[in-house]
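Bear in mind that the values in this text are calculations on the coordinates, not laboratory data. Since we're looking at a predicted model, the values are computed, not measured. Here the Cβ is made from the backbone with ideal geometry for all residues, glycine too, and neighbour counts use every protein chain on show.
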Amino acid sequence: MDSGLSSNKPTAQASNQLARAVAAVAASDGDYATAIPSLLLYRRKAPTEPLPCIYHLGLAVVAQGGKRVLLDEEVIDYGPGQALLTTVDLPVISHVTRASVHEPVLALVLTLDALDIAQVAAEMRLPPPRRPSGRSIAVERLDAPLMEALVRLVNLLAEPALVPQLAPLIQREITVRLMAGPHGPRLQHLALNGSPGQQIAKAVVWLKQNFKQPLNMNEFAARAHMSPSTFRQHFRSITGTSPLQYQKQLRLQEARQMMLSQNIDAGRAGGLVGYESPSQFSREYSRLFGASPREDVRRMRLA
């Protein structure tokens, strides 16, 4: 069957096909979990306020509209025909920049699996990347075959009986095409045993699981088999922030979620995520979210 995406150069038609596929599921504003566990669809009819969040290992694609991600001092804009790849969980600030009732933002997020990436890298026997991958977030143009695979994955949601058999095949195709394309060197560095990228990725996983504990930098660096100074350098290069700032954002975002979903007051939430001083918690919370804990939660509930 002719999909209309035969050229390797992505076209407006390709983005329109993906936008129609997403809109068929995401009929109104919201985040849509799907029958494919790693696939999330997204729709917004207006620009949104900047919101701190965690971007996980995965691919974010805007089919219509525009989004912006802030990482440290770096500003990343992306829109139709582009894909944002994150290879390490990163604390970022994200928001919709271009959207309207007639042309809402239509987007998808596909979570990737590190084990699948390592297996594909081994099977493809690609030459080692010539240069370090740098920061673990980047925007690249989508080529038509990769866009076509994404369209097929979203359209598969209309055939739920076939999802268990076909979704893994299409997702593996997407991983292969990512490895063979501009995003490939970053994914290769993630798959290389003992590489700084892989060691920092492991450190990030540990930190996410133990963010309530006091952070001993010497012990933390030793887990990655690096000196503290080398570890801090690689951590900032890859994540865009220091280990202490990363831990702080994890704590504050977890506290925010507790207050929103469990109706816990600010003092108790701060203590539960590792803060000993309520005043320090309140100061750092206000600095990150732009309002006191009480005011921020009230604002979020109204929104």
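Under the classification rounded if a/c is under 1.5, otherwise prolate if a/b is larger than b/c and oblate if not, where does the stretch 12-190 fall, given a ≥ b ≥ c as square roots of the Cα gyration tensor eigenvalues? Taking the square roots of the gyration eigenvalues as a ≥ b ≥ c, the stretch 12-190 is oblate.
Over all other residues within a Cβ to Cβ distance under 14 Å of L302, the charged ones net out to +1, with Lys and Arg as +1 and Asp and Glu as -1.
Neighbours of M259 by Cβ distance under 11 Å: Lys/Arg scored +1, Asp/Glu scored -1, total +2. For the stretch 81-92, backbone phi angles converted through the Karplus equation (6.51, -1.76, 1.60; θ = phi - 60°) give residue-by-residue couplings of x, 10, 10, 9, 10, 10, 9, 9, 4, 10, x, 10 Hz, Gly and Pro being listed as x.
Counting only lysines at least 8 places from K45 when in the same chain, those with an alpha carbon closer than 30 Å to its own are K9, K67. Compared with the dominant Cα axis of the chain, that is its longest principal axis, helix 163-180 is turned about 80°.
For S261, S292, the sequence from fewest to most other C-beta atoms within 10 Å is S261, S292. Around A99, what is the net charge, scoring Lys/Arg as +1 and Asp/Glu as -1 over all other residues with Cβ under 13 Å from its Cβ? Net of charged neighbours comes to +3.
Comparing I264, I93, I238 in a Gaussian network model of the chain where C-alpha atoms under 10 Å apart are linked, the largest mean-square fluctuation is found at I264. Identify which of F211, F289, F231 has the largest mean-square fluctuation in a Gaussian network model of the chain, with springs joining Cα atoms closer than 10 Å. Among F211, F289, F231, the largest GNM mean-square fluctuation belongs to F289.
With contacts taken as Cα pairs under 8 Å at a separation of at least 6 residues, the chain carries a relative contact order of 16 percent.
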